[in-house]
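Chemist: Below is one structure. I have some questions about it.
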Amino acid sequence: MDDSKLYALAQEAALSAYAPYSKFRVGAALVCSDGTVFKGVNVENRSFGLTVCAERNAVAAALAAGRKDFAAIAVATPDAAYPVSPCGACRQVLSEFGGSDFRVIFGNAPDSLVRTDAERLFPHDALHELKEPGAAD
Ligand code: THU
């Protein structure tokens, strides 16, 4: 799936964000190797620390459906004046499922897309050695 199409799905998801406190809607669209897409939105809470970002909710939706073969994720931040990159926590979580082969696209509008990948967003990764070679992952 091309970046623009994936971004359009993220933008569509952002309309469903639950962001009454920040008023900053985020939508994510995560595509698997066969083209299946899982969406996520930010879900805020009046106990602010419980907020979960759109990216991590998209990952959770995919995992719940038994998928983790991620090809790309697009993140839409329509309330921002510039493209907003995934937060630190989301970078770590995305890096769990891919590196330079896992594309990450973010933007506040269709003509402002920034293209990178999970490895570049989370360099000098540590702790992958905890995944034993050959172990179920
Ligand atoms: N947010 C995301 O959903 N993803 C990001 O990568 C950045 C931040 C959300 C969290 C919060 O609901 C709002 O955006 C403002 O930080």
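Chemist: How large is the accessible surface per residue of the chain, computed with a 1.4 Å probe and reported in Å² as a whole number?
Modeler: Values: 7320 Å² over 137 residues.
Dividing the accessible area of the chain by its residue count gives 53 Å².
Chemist: Hey, another quick one. Along the stretch 20-30, what does the Karplus equation 6.51 cos²θ - 1.76 cosθ + 1.60 (θ = phi - 60°) give for ³J(HN,Hα), rounded to whole Hz, x for Gly and Pro?
Modeler: x, 8, 7, 6, 10, 7, 10, x, 10, 10, 10
Chemist: In the chain, with Lys and Arg counted as +1 and Asp and Glu as -1 at Cβ, which of these residues, HIS128, THR77, SER16, has the Cα nearest the positive end of the dipole, that is, farthest along it?
Modeler: Ranked along the dipole, the leading option is SER16.
Chemist: Let me ask something additional. Quick one: Cα centre-to-centre distance for the stretch 65-83 and the stretch 84-133, in angstrom?
Modeler: 10 Å
Chemist: A follow-up question, please. Once you charge only the Cβ atoms, +1 for Lys and Arg and -1 for Asp and Glu, what is the size of the charge dipole of the chain about its Cα centre, to the nearest 20 debye?
Modeler: 480 debye
Chemist: With springs only between Cα atoms under 10 Å apart, run a GNM on the chain and tell me which of LEU50, LEU113, LEU63 wobbles the most.
Modeler: Of LEU50, LEU113, LEU63, the most mobile in the Gaussian network model is LEU50.
Chemist: Same structure again: From the phi of every residue in the stretch 87-93, what ³J(HN,Hα) in whole Hz does the Karplus formula 6.51 cos²θ - 1.76 cosθ + 1.60 yield, where θ is phi - 60° and glycine or proline is x?
Modeler: For the stretch 87-93, the Karplus curve yields 5, x, 4, 5, 4, 4, 5 Hz.
Chemist: Using 7 Å Cα-to-Cβ label points, what is the SER16/ALA65 separation (nm, one decimal)?
Modeler: 1.0 nm
Chemist: How long is the chain along each principal axis, judged by its Cα atoms, biggest number first, in Å?
Modeler: Principal axes ranked by extent give 44, 36, 29 Å for the Cα atoms.
Chemist: Which listed residue (GLN92, ILE105, SER47) has the Cα farthest towards the positive end of the charge dipole for the stretch 3-130, taking +1 on Lys and Arg C-beta and -1 on Asp and Glu C-beta about the Cα centre?
Modeler: Result: SER47, furthest along the dipole toward the positive end.
Chemist: Quick one: which residues, 5+ away or cross-chain, put their amide H under 5 Å from the amide H of ALA72? H built at 1.01 Å from N.
Modeler: Here the answer is VAL31, ARG103, since their amide H atoms fall under 5 Å of that of ALA72.
Chemist: Which percent of the accessible heavy-atom area of the stretch 9-137 goes to carbon and sulfur, probe 1.4 angstrom?
Modeler: With neighbouring chains kept in place, the figure for the stretch 9-137 is 55 percent.
The values are calculated or read from the model by the stated rules, or taken from the named source; none is laboratory data. Bear in mind the structure is a predicted one, so any value in this text is a computation, not a measurement. Reconstructed Cβ throughout: ideal geometry from the backbone, glycine too, with neighbour counts over all protein chains shown. These accessible areas exclude ligands, DNA and RNA; they are computed on the full protein's heavy atoms, side chains included. Shrake-Rupley method; radii C 1.70, N 1.55, O 1.52, S 1.80 Å.
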